[in-house]
Structures are given as structure tokens and as C-alpha cells.
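The values are calculated or read from the model by the stated rules, or taken from the named source; none is laboratory data. As the structure is a computational prediction, the values presented were derived from the model and not from experiment. For neighbour counting, all protein chains shown are included, and Cβ atoms are generated from backbone atoms with ideal geometry for every residue, glycine included.
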Amino acid sequence: MSASNFPNLTTLPGYPLPEQREKVGLATKMDYGYVHGRKRYTLARKIFGLAYQKLSGYDKALLDAHIDEADVAETFCWRHPWTGVWYLAMYVDIPKIELVELAYWETYINLRSVRLAAIEDVFGDTDVWGDAMEPPIDVWGYS
């Protein structure tokens, strides 16, 4: 079952925005020296790193509530801040949030994509369906 979407924070993540593919191949060494390889998964999942250097108290409260709800076992929809692509994602581990100034917090979040949720269809004024800024609906019920 899917938790709520990743919160819309007023602070954008800092750059660089790391993105790394998980290793999907398996290699087995055989007796005669040759190596047999195959893919473990059909979809190459990605791990995204989000660094927030100055979160306000409001953003920290939103993030805390989402972490409490989703934990590391629930999936949620997350929109890539640069590409606009929606991913069904989950936390790799629980983020550590630190107070760095009097009213600002800092955190680093690792997200693992479970699958591609949808691709943003930004058409501007010609958005016939009216869903260009809406999060995707999981019609297959996988989440």
C-alpha cells in the first residue's frame, strides 16, 4: 500500500543531485573458467540523493510527518525536481535531520525508485486533460 506523496517543500534540494543506477546483473563463474551472466531485474532501479541545506521549521515538520508515515517500508510518489518525471520511490534509510542554525535544519535523503510512476506531460495552455501538475494515479495497484 502506498503512503502519501513526498511533501512539497518550499526549499528545493541543493546541487549536485546525485543519481545512481543499481547493479542489476549477476555473474556466475563456471568450472571451466567461463562466466555466465544474466539480469536479476528487468528494470534498472535508481538511487537519488537529495540534500537540503536550509529547511525551515515548517518544511522539517512536513518531512518528519512523511518519514513517520512512510518509514522505509512504504512506497510513495516522488517527482524529480529537474526532469519532472514521477517515480514510485521509498526511503533507503531514515534521514538524519540536524539543526544547523537557529531556525534552519539540514538533511540528506536517499530515495530508491521502485518503478517509473508516470512521465510529466507539460503542455502549457494546451493541457487538454488538466493533469500536467497532478501526481500520477497508481491504476495498476502495485504500490
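Total residues in region 68-98 satisfying the condition of being outside any strand (DSSP E or B) and either surrounded by fewer than 14 Cβ atoms within 10 Å (Cβ to Cβ) or touching a residue at least 40 places away in the same chain (Cβ under 8 Å) (or both): the figure is 15. With respect to Gly33, is the statement that it is on the phi > 0 side of the Ramachandran plot, part of a loop (DSSP other than H, G, I, E, B), surrounded by 12 or more Cβ atoms within 10 Å (Cβ to Cβ) and out of contact with any Lys or Arg (no Cβ under 9 Å at 6 or more places or on another chain) true? So Gly33 does not fit the description; no. Using the structure shown, decide if Ser4 is in contact with a helix residue (DSSP H, G or I) (Cβ under 8 Å, 6 or more places away or on another chain) and under 30 Å from Ala103 (Cα atoms). Yes.
Count of region 36-67 residues, restricted to those that are closer than 24 Å to Lys23 by Cβ, in a loop (DSSP other than H, G, I, E, B) and of a type in the set (Gly, Ala, Ser), is 1.
Here Leu26 passes the criteria (1) surrounded by fewer than 12 Cβ atoms within 10 Å (Cβ to Cβ); (2) more than 24 Å from Leu116 (Cβ to Cβ); (3) among the hydrophobic types (A, V, I, L, M, F, W, C) except the one numbered (2).
From the list Lys29, Lys46, Lys23, which residue is of a type in the set (Lys, Arg), modelled with pLDDT of 90 or more and farther than 28 Å from Glu101 by Cα?
Lys46
Residues checked against (1) crowded, with 17+ Cβ neighbours inside 10 Å; (2) modelled with pLDDT under 55; (3) under 27 Å from Ala44 (Cβ atoms); (4) of a type in the set (S, T, N, Q):
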{"position": "His66", "(1), (2), (3), (4)": "yes, no, yes, no"}
{"position": "Val100", "(1), (2), (3), (4)": "no, no, no, no"}
{"position": "Arg115", "(1), (2), (3), (4)": "no, no, yes, no"}
{"position": "Trp129", "(1), (2), (3), (4)": "no, yes, no, no"}
{"position": "Met133", "(1), (2), (3), (4)": "no, yes, no, no"}
{"position": "Tyr142", "(1), (2), (3), (4)": "no, yes, yes, no"}
